[in-house]
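**Q** Here it is: the structure, laid out below.
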Amino acid sequence: MQYIIGKYGYWLLAVSCWLLTACSSSDSTDEQRKGSSLTILPYAATYHDVGNSQRAMSAGFSSYTPAHDLSIGLFVVPGAGPTDGYSYTTVHPFRYSSGAWHSQTQVSSGTNYNIYGYMPVQSPITVSVYPLSGGSIQMVFTNIDGVVADDVCFVTGVSNAADNLHQGSFGYTGQVDNNYVYLLMDHLFASVNFKFTLDHEYSQLRSIKLKSLTLKSTVEIVNAKVTLTPNTTDTNPVSAAVEYTKADGTSSTKFFESALGEELNATVISSYACSFAPIAGNRLTLVSIYDVYDRHGNLIRENCTATNELPVLNETRGQRVTFNMKVIPTYLYMLSEPDLDNPTLEVN
């Protein structure tokens with residue numbers, strides 16, 4: 001499979017809204033709802049249209065369920081606010097599995113807390129919180145790969161009720177029971193989305209089954225500093241530009257894999273997304289593994305590899321770029337046998 005780079009478009013949501021990560025009361029067990037155990041109901045920001053010059057405010061809420069098991073890490077700091085001169089490194093993991101969030105974190109009734117957090121909790125990423133003057137905090141991320149299969153987010157607001165959930169509010173008061181904490185989260189990285197279709201005429205003669213997608217980066221490690229300033233006006237608390245530093249080298253992540261292969265379709269779009277550090281010099285390369293079948297369903301080429309270096313991407317955090325990719329024969333008018341078995345992937 002050969003890749004031809006052409007124009008690529010930005011297909012994004014034009015409106016900014018927040019997605020509710022599924023953890024409704026029906027998702028939680030009675031044990032999770034009772035006593036001092038803390039249960040989270042996180043929201044994650046949708047990606048924004050790269051054509052917008054500024055990041056829009058939230059415009060609504062909708063339900064969201066993680067595509068697979070993952071963990072959110074919270075810093076649950078008791079007291080009226082963060083204490084100058086201290087750093088907070090104790091992370092309380094909240095694991096999503098079997099349709100619910102699970103944690104052993106306890107809170108005390110009537111105690112005030114400040115809650116900060118991030119996702120995903122995974123090695124070798126480490127995060128620490130450092131109080132600044134005036135009630136602000138700085139969240140420091142270290143050891144993030146230049147490309148990550150999962151979204152990378154940080155908490156921008158918390159509340160004990162959905163109708164009181166605002167950006168810039170980090171306070172939570174422990175309850176006797178039903179300790180739910182709602183979270184708003186924003187993106188630290190940008191996203192690239194690949195949408196695959198198969199040429200209609202080619203699909204009558206050959207089948208393509210995609211087995212894996214790997215994104216490679218020319219950045220090995222990324223560190224980031226996020227400054228958050230609390231407010232009561234529902235304003236994004238990110239009070240300064242996120243600071244990124246990098247270590248040159250290479251990193252990679254496999255963000256799609258199927259042992260049997262996922263068959264590409266001429267009418268139904270197959271979509272796959274991956275996160276990348278929005279930092280200068282981060283050049284991305286897509287590596288695809290696929291099988292080719294003839295019209296009778298016989299496997300004729302196995303574990304073929306296609307490598308495609310993407311154009312320079314200038315997206316910032318919270319933005320997503322989409323490549324529309326179509327598999328076609330190189331010489332459609334001839335449909336020669338070698339060409340049928342080695343199609344071209346055209347990127348629009």
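The values are calculated or read from the model by the stated rules, or taken from the named source; none is laboratory data. Not measured: the values here are computed from a predicted model. Every residue, glycine among them, receives a Cβ derived from its backbone with ideal geometry; neighbour counts consider all protein chains shown. With ligands, DNA and RNA removed, areas are computed over all heavy atoms of the protein, side chains included. Shrake-Rupley method; radii C 1.70, N 1.55, O 1.52, S 1.80 Å.
**Q** Testing SER258 on (1) under 15 Å from VAL219 (Cβ atoms); (2) modelled with pLDDT of 95 or more, one condition comes back false. Which one is that?
**A** (1)
**Q** In segment 118-132, which residues are among the aliphatic types (A, V, I, L, M) and buried (at least 16 other Cβ atoms within 10 Å of the Cβ)?
**A** Matches in segment 118-132: MET119, VAL121, ILE125, VAL127, VAL129.
**Q** A further question follows. Look at SER123 and say whether it is within 18 Å of the chain's Cα centre (by Cα), among the polar types (S, T, N, Q), in a loop (DSSP other than H, G, I, E, B) and under 30 Å from ALA259 (Cα atoms). Show your work before the answer.
**A** Details: within 18 Å of the chain's Cα centre (by Cα): yes; among the polar types (S, T, N, Q): yes; in a loop (DSSP other than H, G, I, E, B): yes; under 30 Å from ALA259 (Cα atoms): yes.
Yes: the conditions hold for SER123.
**Q** For the subset of segment 205-243 comprising residues that are under 18 Å from PHE276 (Cα atoms) and of a type in the set (D, E, K, R), which member is surrounded by the most Cβ atoms within 10 Å (Cβ to Cβ)?
**A** LYS216
**Q** Determine if segment 244-255 includes at least one residue that is open to solvent by less than 60 Å² (accessible area, probe 1.4 Å) and closer than 30 Å to GLY171 by Cβ.
**A** yes
**Q** Still on this structure: Taking only pairs six or more apart or across chains, which ones have beta-carbon atoms under 8 Å, a first residue in segment 311-322 that is farther than 17 Å from VAL226 by Cβ and open to solvent by 20 Å² or more (accessible area, probe 1.4 Å), and a second residue that is part of a loop (DSSP other than H, G, I, E, B) and of a type in the set (D, E, K, R)?
**A** Taking only residues 6 or more apart or on different chains, the pairs are VAL312/ARG283.
**Q** For GLU201, work out the one condition from (1) in contact with a Pro (Cβ under 9 Å, 6 or more places away or on another chain); (2) surrounded by 17 or more Cβ atoms within 10 Å (Cβ to Cβ) it doesn't fulfil.
**A** (2)
**Q** Can I ask one more? Might you let me know whether segment 277-285 holds any residue that is modelled with pLDDT of 85 or more, surrounded by 15 or more Cβ atoms within 10 Å (Cβ to Cβ), closer than 23 Å to LEU198 by Cβ and touching a Pro at 6+ places or on another chain (Cβ under 9 Å)?
**A** The answer is no, given that none of the residues of segment 277-285 is modelled with pLDDT of 85 or more, surrounded by 15 or more Cβ atoms within 10 Å (Cβ to Cβ), closer than 23 Å to LEU198 by Cβ and touching a Pro at 6+ places or on another chain (Cβ under 9 Å).
**Q** Continuing with the same structure: Does THR245 qualify as being polar (S, T, N, Q), without any contact (Cβ under 8 Å) to a residue 24 or more places away in the chain and part of a strand (DSSP E or B)?
**A** So THR245 passes the test.
**Q** For segment 1-117, which strands (runs of 3 or more DSSP E) that fit wholly inside it have 2 or more residues that are open to solvent by 40 Å² or more (accessible area, probe 1.4 Å) and modelled with pLDDT under 50?
**A** Values: elements: 2-5, 18-21, 38-45, 61-64, 70-78, 92-97, 100-102.
Ranges flagged: 2-5, 18-21, 61-64.
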